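The structure appears below as structure tokens.
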Amino acid sequence: MINKHLTLLSLFVSLLIPTEDYAVASPREKLLEEALIMQLHSQIQSSLKEHFQENPIQYDCEHISEIRMINLPSGTEYLEGGTAFEITVELRKKDTSGDKLVHLKLSNEKTAITYALVSIKNDAVPKGFQCSKISP
């Protein structure tokens, strides 16, 4: 089961690592990113709820702004000498007092199957911001 998740995630990573603009991303890359964001949805929601102390949380424009592969040393409890990933998801959180641009850094370094919040940072949405959420 763990190997199946790692293989799927490795496929996502290999196709998402090129730093191409969303406008030139292939339809396959767009679909893979959407699939990965769907898999992270529960962790994104719970992280936002905990950080902002709001329920429900409304957001849009979610996309993966960075993904990094982490080689784990031999003897790692969960992934014996394996690979983990650190994924940064950027989104626009809707708020009546002003929208926020949120960066969530998630990692599966501690457990192979689930992602945990590493950090969350939010800024004001820049003037002229355009949603760069990809659509297949």
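The values are calculated or read from the model by the stated rules, or taken from the named source; none is laboratory data. Nothing here was measured: the structure is a model prediction, and the numbers come from that model. Counting neighbours? That spans all protein chains shown, and the Cβs are built from the backbone with ideal geometry, glycine included. The area values use the complete protein model at the heavy-atom level, side chains included, leaving out ligands, DNA and RNA. Shrake-Rupley method; radii C 1.70, N 1.55, O 1.52, S 1.80 Å.
Structural remarks
- Residue pairs whose Cβ atoms lie under 9 Å apart, separated by 6 or more positions or on different chains, with the first residue in segment 55-68 and assigned to a strand (DSSP E or B) and the second of a type in the set (Lys, Arg) and open to solvent by less than 30 Å² (accessible area, probe 1.4 Å), are 59/93; 60/93.
- Residue count for segment 81-107 satisfying the condition of being modelled with pLDDT under 90 and over 24 Å from residue 55 (Cα atoms): 4.
- Candidates 90, 33, 62, filtered to the one that is closer than 23 Å to residue 131 by Cα and surrounded by fewer than 18 Cβ atoms within 10 Å (Cβ to Cβ): 90
- In segment 33-42, the condition of being part of a loop (DSSP other than H, G, I, E, B), at negative phi and in contact (Cβ under 8 Å) with a residue 12 or more places away in the chain is met by no residue.
The rows are residues; the columns are (1) modelled with pLDDT of 90 or more; (2) closer than 23 Å to residue 121 by Cβ.
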{"residue": "1", "(1), (2)": "no, no"}
{"residue": "4", "(1), (2)": "no, no"}
{"residue": "14", "(1), (2)": "no, no"}
{"residue": "33", "(1), (2)": "yes, yes"}
{"residue": "54", "(1), (2)": "no, yes"}
{"residue": "58", "(1), (2)": "yes, yes"}
{"residue": "64", "(1), (2)": "yes, yes"}
{"residue": "75", "(1), (2)": "no, no"}
{"residue": "79", "(1), (2)": "no, no"}
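- Selection within segment 99-112 - out of contact with any Phe, Trp or Tyr (no Cβ under 9 Å at 6 or more places or on another chain) and either open to solvent by 30 Å² or more (accessible area, probe 1.4 Å) or among the polar types (S, T, N, Q) (or both): 103, 105
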